[in-house]
Amino acid sequence: MYRILSRSANFLAMGMALLGGLVLVGVTVLTCISIAGRALLPLDIGLGPIQGIYDMTEMGIAAAVFAFLPWCQLQQKHAAVDLMTPVYPALMNRILNLVIDIAMCAVAITLAWRMYLGMLDKLRYNETTLILQIPVWTGYLASLLGLIAFALIAAFCVLRSARALRKPQAEECTS
C-alpha cells in the first residue's frame, strides 16, 4: 500500500512541477514577444506590446509557484536550518523530520483553505483584472490546485516520516 501511495505522490508532485514549468515557459515566451513588440513599436510595422501581459504574468507566475510546492515538499527541499542535525542522533533527526512534516502539512492545509475562501470571495464579487477583464477567481483556482496537491503531498510526507520512525530505511526519498 505504501508503494502505491509513494508512486502516486511522486506522480502528482512531478506532474504539478512540470505543469508549473510549462506555465513559466509560456509566460516567459509571452513576455519576450511583448517586449519585442514594444521595441518594434517605433518602426510602425503593426507590432506592439501584448495587451494585458501584466494580467497574464501575474496569474501565471502565482499558479507556477504554487505548482512547484508539492515537488519541493516531497523532495524535502524547503529551507532548513541544519546547524545541529549532524550532531543529533539519527532517531532525533527522524523525530524532527516528523515534526517539520506535520507543521508543513498544517501550513499547506491552511493555505489551501484560505485560498479557497479568497477564490469564493473573488467569484462572489465578479472581480476582474484591469486590462483583459479576466475573472480573478480563475487565477485563484489555478493556485488552489497547486495548494491542494501541496496538502496531499505534505500529508504523504507525514506518513513517510512516521514510517521512518518505525523503519529507518523507509526514510529515503521517493524519487
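Bear in mind that the values in this text are calculations on the coordinates, not laboratory data. Computed from a prediction, not measured in an experiment: that's the story for all the values here. Heads up, the Cβs are rebuilt from the backbone with ideal geometry, glycines too, and the neighbour counts pull from every protein chain shown.
The table below gives the values:
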{"quantity": "Cα long-axis angle, helix 90-124 against the chain (0 to 90 degrees, to the nearest 10)", "calculated": "30"}
{"quantity": "Vicinal HN-Hα couplings computed from phi for region 28-40 (Karplus, 6.51 cos²θ - 1.76 cosθ + 1.60; Hz; Gly/Pro x)", "calculated": "5, 4, 4, 5, 5, 4, 5, 5, 5, x, 5, 5, 8"}
{"quantity": "With eigenvalues of the C-alpha gyration tensor scaled by 5 and rooted, the chain, Å", "calculated": "40, 19, 13"}
{"quantity": "On Cα atoms only, tilt of 136-166 relative to the major axis of the chain in degrees", "calculated": "10"}
{"quantity": "Packing rank of 76-89, 135-148, 7-20, where each peptide gets the mean count of other beta carbons within 10 Å, highest leading", "calculated": "135-148, 7-20, 76-89"}
